[in-house]
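The structure appears below as structure tokens.
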Amino acid sequence: MISLEPIIGQSHAVRLLTRMLENDRLPHALLFTGIDGIGKQTAAKALAMALNCLRSAGVLACMECRCCKKVISGNHPDIIIVEPSSRFIKIGQIRALRKHLSFAPVEGGRRVIIINDAHCMNVEASNAILKILEEPPDNTHVVLTAHQTSDLLPTIVSRCQHIAFNPVPVAKIVEELANRRDVDEDTATTIAVLAKGSLGRAMSADIEKWMGWRKELLGRVISLSGGSMHTLFGFAEEVSKDKDKLQDTLDMFIMWFRDILICKFHPEKILNNDYAPRIERISKEFSVDELLNRITAIFATQRAVLKNANRRLALEVLLLNLYLSS
């Protein structure tokens, strides 16, 4: 269902948009920022539907009129969605959009342009969309979605009303997994933590595959303790090759050492409950400072990798810090 009301964990954003609609003070350009899978694109479509619904009740679309059904099916002529072609949004796409905007809305209502992943616009496309934002056509609203404002030209950001969408709390994701996918609490908690605030990612996860990967990885993480440098470097080489899975792997390291630390104070709050006896034993081997230093090192490695550091070298240094430092 495309509606503002069911968007989970975004009460602040929904409240702002609702107020704008109620007061008929919707800006001509909006920028929704946040990680993938938290409702930015759903909110943009819900906004478009509310603006064009023929029988709206206040700010809520009826979901049943001709215009609502067209939005739901993706066939409304005045709701235009621009998305990356391959890796980028290119100048040709924005030129085609500008040509389309030279005509009046087909249905006679409010035209809504949704530019998903606007951070993927190349320089030429960014400059072209800037001209649209500077001189927007009548009855036209532009909604851009992006990861963060720093990914866009400052001149684009300055011409939009910015609304931040926050990562969904773990507890809320766990609740949704339990209600909508009938997942047990321990499994749901693991999936929720790995999803890092993305409800969409959690809900679309292949749970059996994710949990199988987790079990295999934790087995490796445990076996590295007391291993030789050769073993550590071999693991670093293996993991560094899978760029897409690397951040998830580092997240699992954080979960593991976080549990070892938490076990010292609140053992009932560990996340990997199926490893509780082992976590309790390992927790006695480390001081709080040693565990905090290890967790800090993992976070630093994540940041370094995001900044395109040499993945293998960064992992080698990390593993030496985790397993060979005193």
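Any idea which of (1) of a type outside the set (Ser, Thr, Tyr); (2) more than 22 Å from ARG19 (Cβ to Cβ); (3) surrounded by 15 or more Cβ atoms within 10 Å (Cβ to Cβ); (4) at pLDDT below 95 is the one ILE89 doesn't satisfy?
(4)
Quick check, is PRO6 within 27 Å of MET121 (Cα to Cα) and touching a helix residue (DSSP H, G or I) at 6+ places or on another chain (Cβ under 9 Å)?
no
Listed residues GLU216, GLU208; which is closer than 15 Å to ASP248 by Cβ and part of a helix (DSSP H, G or I)?
GLU216
Among the residues of segment 121-137, are any buried (at least 20 other Cβ atoms within 10 Å of the Cβ), in a loop (DSSP other than H, G, I, E, B) and touching a strand residue (DSSP E or B) at 6+ places or on another chain (Cβ under 6 Å)?
no
For segment 163-174, indicate whether the set of residues that are buried (at least 21 other Cβ atoms within 10 Å of the Cβ) and farther than 21 Å from LEU31 by Cβ is non-empty.
Checking segment 163-174: at least one residue is buried (at least 21 other Cβ atoms within 10 Å of the Cβ) and farther than 21 Å from LEU31 by Cβ.
Quick check on segment 182-205. Is at least one of its residues surrounded by fewer than 16 Cβ atoms within 10 Å (Cβ to Cβ), of a type in the set (D, E, K, R), out of contact with any Ser or Thr (no Cβ under 9 Å at 6 or more places or on another chain) and not in a loop (DSSP other than H, G, I, E, B)?
yes
Suppose we keep only residues that are within 29 Å of the chain's Cα centre (by Cα) and of a type in the set (A, V, I, L, M) within segment 97-114. Which one would you say is surrounded by the fewest Cβ atoms within 10 Å (Cβ to Cβ)?
Out of the qualifying residues, it is LEU97.
Is it fair to say LYS264 is among the basic types (Lys, Arg) and either touching a strand residue (DSSP E or B) at 6+ places or on another chain (Cβ under 6 Å) or farther than 20 Å from TYR323 by Cβ (or both)?
Details: among the basic types (Lys, Arg): yes; either touching a strand residue (DSSP E or B) at 6+ places or on another chain (Cβ under 6 Å) or farther than 20 Å from TYR323 by Cβ (or both): no.
Answer is no for this residue.
Out of curiosity, is LEU144 touching a residue at least 24 places away in the same chain (Cβ under 8 Å), under 17 Å from ARG111 (Cβ atoms) and crowded, with 17+ Cβ neighbours inside 10 Å?
Answer is yes for this residue.
Tally up the residues in segment 262-291 that are exposed (fewer than 11 other Cβ atoms within 10 Å of the Cβ) and among the aromatic types (Phe, Trp, Tyr), please.
Selection size over segment 262-291: 1.
State which residue pairs qualify: first residue touching a residue at least 60 places away in the same chain (Cβ under 8 Å) and loosely packed, with under 12 Cβ neighbours inside 10 Å and inside segment 225-241, second residue hydroxyl-bearing (Ser, Thr, Tyr) and in a helix (DSSP H, G or I) in any location, beta carbons under 7 Å apart, and separation of 6 or more residues or different chains.
SER225/TYR323
In segment 8-58, how many are within 25 Å of GLU175 (Cα to Cα) and over 23 Å from the mean Cα position of the chain (by Cα)?
Matching residues across segment 8-58 total 0.
Just checking, does segment 48-62 include any residue being assigned to a strand (DSSP E or B) and farther than 17 Å from PRO167 by Cβ?
In the first step, residues of segment 48-62 are kept if they are assigned to a strand (DSSP E or B); the result is 57, 60.
Narrowing the set further to residues that are farther than 17 Å from PRO167 by Cβ leaves 57, 60.
For segment 48-62, residues assigned to a strand (DSSP E or B) and farther than 17 Å from PRO167 by Cβ: present.
The values are calculated or read from the model by the stated rules, or taken from the named source; none is laboratory data. This is a predicted model, so every value here is computed, not measured. With ideal geometry, Cβ positions are generated from the backbone for all residues, glycine too; neighbour counts draw on all protein chains shown.
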